[in-house]
Amino acid sequence: MTFMERALDRDRPQSIDDDVTLPRRQEYHPSPVDWRDEVLYFLLVDRFSDGRERDRNLLDRSKLPAARPDIRGMPWSWQLWAESGSSRWQGGSLKGVQSKLGYLKSLGVTALWLSPVFRQRAHEGSYHGYGVQDFLDVDPRFGSREDLAVLVAEAHKRGMRIILDIIFNHSGCNWLYPAETPGGVHEAAYTTDRYQFGSWRDEAGEAVEYISGREDGVWPQELQDRERYTRAGSGNLGAGSIEDAWAEHKRSDFKSLRDFNLDSPGLLSDLARCYKYWMALTDCDGFRIDTLKHVSFEQGRSFCGSIKEFAANLGKENFFLVGEIAGGDWAANRYLEALDRNLNAALDIGEMREVLGGVAKGLIHPGAYFRGFRSDVALGSHRNLGNQHVSVLDDHDHVFGEKVRFSAYAASEAQVVAGLALQLFTLGIPCIYYGTEQALAGPEEEERMWLPEWRRSDRYLREAMFGPEHPRLGGISSHASGRDESLPGFGPFGTTGHHCFDPRFPVYRNIAAMAGLRQAFPALRHGRQYLRQMALPEDGLDRFDFYGAGYATARGGRLEGQIVAWSRILDDEEMLCLYNSHGGKSRSADVLVDGILNQSEGKEEMTVVFNSAQLASRSRREARAYQKGSKLTVKRRDGTAYVEIRDIAPSQVLVAASHPEKEEGEVT
């Protein structure tokens, strides 16, 4: 029997040291050569799918009010819909994720990043998974350890990979501070000293002196040592220098989540063994590491190095470790430097995410985004460091900026495609957030005034795509099969009872086509990258320059969003990528290209290999211009090579190639 078979044949271990002997030099699913070849997809398990979409209708977006029924005889209430999304489990599961592997494969996704699936406190609404109570078990509201192992195996059969979201900075609120503690028993006021330990919590969250069951306190047993917690209370999570190993943001609880004292002898090793257990049990392909900024460089380096070495011994030489590092792009870059080869990449959740969205919408000059790839800028470097950052347009937190999806204030569905084109065709590893392919955006704009904390609450980033009729019951009853019929499900676009998995939706179709193009042309994954200069003859700007939103003209004016163009060059191939960043007006430009690389058989031309208008809800005229397979003539002016782009529609995306066809080559 394999380790997986033996482990699943038994109950989950109580001790990671006494009950688990980890495998070594066994045959496991190998890692990819380069993670730049992958397209990631991040989903919250509770909010993605319950596998029962066949029992519900596909949402008709033209008739949203029809999907807002009365609740117990009372008219639809935005307050109740928002309450459902804030703190209730909606019912998504691992089997639900498995049921959508075909949908995701057709989208072009090659790797799924799952929100944490480990057991949470039974009485709390931590559907997001970041408040772990048992580090060696799957939360039963998501499924079982076997469900997770089967999901990974089925993904591998389809050529897809699974990344698990892990936490080694803190545990859930598994114990309470003493009653007299300043600030209270749940979120004590921060101290530079150390509080006394109060009491463990039982299944219902009440104080108990001893742990007597699997729902009490925390598991495995190694984490039941009270000295393994910092016990400093809840402080400012941004206070202090990231260089300081004992800064407030590194010692603080994460609100009510309990900070681990990682200097406690053996603790870091025990936590690493917990996650090695999951690697060996499930054969997963990577970890996304939560709250990495809140551990010291040395702790992060030791933990990641231990995981990397164990993975290599199982044949996973490029096991993916990507860090969530809040505090901006500079902080992310600093952790990449400090952890070196032990950390593959950082998530672009800082300023780069906001800039990406602003450039996609024509609100920010494109240079602000492309400068982020220079070697002297945070998250920088040209081609070789493209594998050190994961590009993010939306996520579940929005640490920087407003807490609404990109689509919520996009000018059109086409603008969502433009944002994803920036992700898929620029340096880095693209990560699509669940629902972006369906342009999830919350309710109609005129309805948002009724929503509590709109733009300020994470809940509006976390709609349930599968459209549950009602959420799970609250508190400890959430483990039961019943539903809370007093609340509507937190369904897409402010609805309930209708799912949103539509492979015919134009954004979905465009992402699938762009992901396919990215796979077909290595230059779009590995090529050098150059923001292209343009001339705007129709605006009287004949000189080639980096025009864009906010550009100051000689007449004292400021340009609105223009065409944004960049090239990816690999060896002697050039891929020209461009889109109209203006959400409401057509745009034209003469776009600079490489005059040498675009000479082929006596012709100077490029071939259009992608046109988003052909897959979108566009007029026939827009779809006809620059059709796939059409040619762009390379012209010259004063020795400068360029192509003419005329009247492309708002947010329209084009890609052209110097060598559109594969060539076997020959020797004569």
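The values are calculated or read from the model by the stated rules, or taken from the named source; none is laboratory data. What you are looking at is a predicted structure, and each value in this text was computed from that prediction instead of being measured. Positions of Cβ are generated from backbone atoms using ideal geometry, with glycine treated the same way; all protein chains shown enter the neighbour counts. The area values use the complete protein model at the heavy-atom level, side chains included, leaving out ligands, DNA and RNA. Shrake-Rupley method; radii C 1.70, N 1.55, O 1.52, S 1.80 Å.
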Margin query: As I understand it, the dipole of the chain uses +1 on the Cβ of Lys and Arg and -1 on the Cβ of Asp and Glu, about the Cα centre. Which of G556, L440, T496 lies farthest toward its positive end?
Written below: G556
Check: In nm², what is the average projected area of the convex hull enclosing the Cα atoms of the stretch 261-346?
Finding: 5.2 nm²
Next item on the list: Calculate, for the chain, the solvent-accessible area per residue in square angstrom, rolling a 1.4 angstrom probe over the heavy atoms of the protein chains.
Entry: 39 Å²
Item checked: R72, R54, R194, R10, ranked by accessible area, largest first (probe 1.4 Å) -> R54, R72, R10, R194
Note to self: To test your reading of the geometry: what angle, between 0 and 90 degrees and rounded to tens, separates the Cα axis of helix 78-87 from the longest principal axis of the chain?
What the structure shows: 70 degrees
Next item on the list: Enumerate the calculated ³J(HN,Hα) couplings along the stretch 313-320 in order (Karplus 6.51 cos²θ - 1.76 cosθ + 1.60, θ = phi - 60°), each rounded to whole Hz, writing x wherever the residue is Gly or Pro.
Entry: 6, 9, x, 9, 5, 10, 4, 7
Next item on the list: At 0.36 nm per residue, minus the direct Cα-Cα distance, what do R555 and Y103 gain on full extension? Give it in nm, one decimal, please.
Entry: 157.6 nm
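Using a/c under 1.5 as the rounded threshold, could you call the stretch 466-528 rounded, prolate or oblate? The axes a ≥ b ≥ c are square roots of the C-alpha gyration tensor eigenvalues, and prolate needs a/b larger than b/c, oblate otherwise.
prolate
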Check: Residue by residue through the stretch 42-53, which ³J(HN,Hα) values in whole Hz follow from phi under the Karplus form 6.51 cos²θ - 1.76 cosθ + 1.60 (θ = phi - 60°), with glycine and proline marked x?
Finding: 9, 9, 8, 4, 5, 10, 9, 7, 9, x, 10, 5
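Roughly what % antiparallel, to the nearest 5, for the DSSP beta bridges in the chain?
65 percent
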Note to self: What's the magnitude of the charge dipole for the chain around its Cα centre, counting Lys and Arg as +1 and Asp and Glu as -1 at the beta-carbon? Answer in Debye, nearest 20.
What the structure shows: 1660 debye
Item checked: Contact order relative to length of the stretch 362-483, as percent, for alpha carbon pairs under 8 angstrom and 6 or more apart -> 25 percent
Next item on the list: Rounded to whole Hz and in sequence order, give me ³J(HN,Hα) for the stretch 415-427 from the Karplus expression 6.51 cos²θ - 1.76 cosθ + 1.60, θ = phi - 60°, writing x for Gly and Pro.
Entry: 5, 5, 4, 4, x, 6, 4, 4, 5, 6, 10, 10, 4
Check: Each label point is 7 Å from the Cα along the Cα-to-Cβ direction; what then is the distance between the points at E227 and R543, in nm?
Finding: 7.1 nm
Check: For S264 and M1, what does the FRET efficiency come to when R0 = 41 Å and r is the distance between their Cβ atoms, rounded to the nearest 0.05?
Finding: 0.70
Next item on the list: Only Cα pairs under 8 Å and at least 6 apart count here; give the relative contact order of the stretch 1-114 as a rounded whole percent.
Entry: 44 percent
Checklist line | Inter-label distance for A207 and D34, nm, one decimal - labels placed 7 Å from Cα along Cα-to-Cβ | finding: 5.9 nm
Note to self: Can you give me the angle between helix 329-339 and the longest principal axis of the chain, using Cα atoms only, in degrees from 0 to 90, rounded to the nearest 10?
What the structure shows: 70 degrees
Next item on the list: Quantify how much of the Cα-Cα distance distribution of the stretch 174-327 extends past 18 Å, in percent.
Entry: 62 percent
Margin query: Taking 0.36 nm per residue of sequence separation and subtracting the Cα-Cα distance, how much length would be gained by fully extending the chain between S481 and K635, in nm to one decimal?
Written below: 48.8 nm
Next item on the list: Quick one: grab the alpha carbon gyration tensor of the stretch 25-162, order the square roots of its eigenvalues as a ≥ b ≥ c, and give me rounded if a/c is under 1.5, else prolate or oblate depending on whether a/b is larger than b/c.
Entry: oblate
Next item on the list: Arrange the residues W454, W278 by how much accessible surface each exposes, largest first, with a 1.4 angstrom probe.
Entry: W454, W278
Next item on the list: Run the 1.4 Å probe and let me know the accessible area of V208, rounded to the nearest 10 Å².
Entry: 40 Å²
Notebook entry, point to check: Within the P(r) computed for the stretch 535-668, what percentage of the Cα pairs occupies the region above 20 Å?
Noted result: 48 percent
Note to self: Out of the total accessible area of the chain (probe 1.4 Å, heavy atoms of protein only), what percent is carbon and sulfur?
What the structure shows: 46 percent
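Please figure out what share of the DSSP beta bridges in the stretch 43-163 is antiparallel and state it in percent, rounded to the nearest 5. Walk me through the numbers on the way to the answer.
Working: 4 of 8 bridges.
Approximately 50 percent, going by the DSSP bridge assignments.
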Checklist line | Nearest-10 value in Å² for the accessible area of I569, using the 1.4 Å probe | finding: 10 Å²
Notebook entry, point to check: Across bins of 10 angstrom width beginning at 0, how are the C-alpha pair distances of the chain distributed, in whole percent?
Noted result: 3, 15, 25, 25, 18, 9, 4, 1, 0
Note to self: With a 1.4 Å probe and all protein chains kept in place, how much accessible area does S62 have, in Å² rounded to the nearest 10?
What the structure shows: 100 Å²
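Just check the stretch 496-543 against the gyration tensor rule for me: Cα atoms, a ≥ b ≥ c as the square roots of the eigenvalues, rounded for a/c under 1.5, and otherwise prolate or oblate depending on whether a/b exceeds b/c.
oblate
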Next item on the list: Express the relative contact order of the chain as a whole percentage, based on alpha carbon pairs under 8 Å and six or more residues apart in sequence.
Entry: 14 percent
Checklist line | Between 0 and 90°, nearest 10: helix 351-360 axis offset from the chain longest Cα axis | finding: 40 degrees
Item checked: Estimated distance in nm for a label pair at A153 and T191, the labels positioned 7 Å out from Cα along Cα-to-Cβ -> 5.1 nm
